[in-house]
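Taking it in order: structure first as structure tokens, then the write-up.
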């Protein structure tokens, strides 16, 4: 029987934990129906075991020292937008996670749970993913991790990560296939109505520029880009009045936002195009021009590279009825 531990971090997201429990209990149910031994023994692991006992009354809730050696540890998403504070609150778990992994335990993270695994240093030089909208923050905090922004699932030498929200189900199916075989994975996918062929999460992203910083030079450059992106101007024209050298602006901009000014401009334009595709019936030429582009070929190329699909495909998927 596989010893599975769900780590109830401080500030964990209840929906993330519920999804993990529902899927693995369903798999155990398949085996129970056919009279076979259950594949998973599920335990909740918490730094605050007493406080969590009433929340998960159907499952044993153990403290970290009492957990013993596990085969698989699941780290759910965090419920807070302040990931740095969440990591600090859970810092005491890092040595335990490293010890478990060194002993052969596999570790899987869901959505922003990847930040805790990143803080252990074990992902350095390895592939990982996280919620598409958290990728910039992840790159800034863990530059030595090979972040696969568009992927919904990664696995690298026993360390697994998933993208945001429903991407968690794809990681769960991946793990179930590894432990129980494809037949059970397919049955689980059907039960939870999960399309197993989805491999990209880029088109779910929303560009939300970093504003919670104190660099006025960068803030000024951001404001100028956001005010002028529709006019087809170059980045040099947009930021020419910012009182700093182009090189200094680029260095500070990258440090604060995780993007170069040119990348910021492209993301701003593509996000504007996405909104028009979702909310209007404008012709593609109108959308292109309103977003600051004047070359249809370049617009389609940049859109597809950024979003993971063509503008037409994006409209078909997301346009409001």
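Values in this text are rule-based calculations from the coordinates and carry no lab data. Not measured: the values here are computed from a predicted model. Heads up, the Cβs are rebuilt from the backbone with ideal geometry, glycines too, and the neighbour counts pull from every protein chain shown.
With 0.36 nm allotted per residue and the present C-alpha distance subtracted, the residue 192-residue 260 stretch has 20.4 nm of extension available. Could you check which residue among 57, 233, 291 shows the biggest mean-square fluctuation in a GNM of the chain with a 10 Å Cα cutoff? Answer for the Gaussian network model of the chain: 57.
Think of it as helices only: each DSSP H run of n ≥ 4 in the chain is worth -39500 (n - 2.57), and spread over all residues that comes to -14000 deg cm²/dmol at 222 nm.
Can you compute the modelled spin-label distance between residue 71 and residue 300, with each label point 7 Å from Cα toward Cβ, in nm? Placing both labels 7 Å beyond Cα along the Cβ direction yields 5.0 nm. Multiplying the residue separation of residue 212 and residue 58 by 0.36 nm and subtracting their alpha-carbon distance yields 51.3 nm. Applying 1/(1 + (r/R0)^6) with r as the Cβ-Cβ distance of residue 236 and residue 285 and R0 = 35 angstrom yields a FRET efficiency of 0.85.
Label-to-label distance, residue 200 versus residue 140, with points set 7 angstrom from Cα along the beta-carbon direction: 2.7 nm. Within the chain, antiparallel bridges make up roughly 25 percent of the DSSP beta bridges whose residues both belong there. For the chain, relative contact order (Cα pairs under 8 Å, six or more residues apart, normalised by length) works out to 12 percent. Take the Cα of residue 317, step 7 Å toward its Cβ, do the same at residue 226, and the gap between the two points is 2.6 nm.
Comparing 246, 149, 304 in a Gaussian network model of the chain where C-alpha atoms under 10 Å apart are linked, the largest mean-square fluctuation is found at 246.
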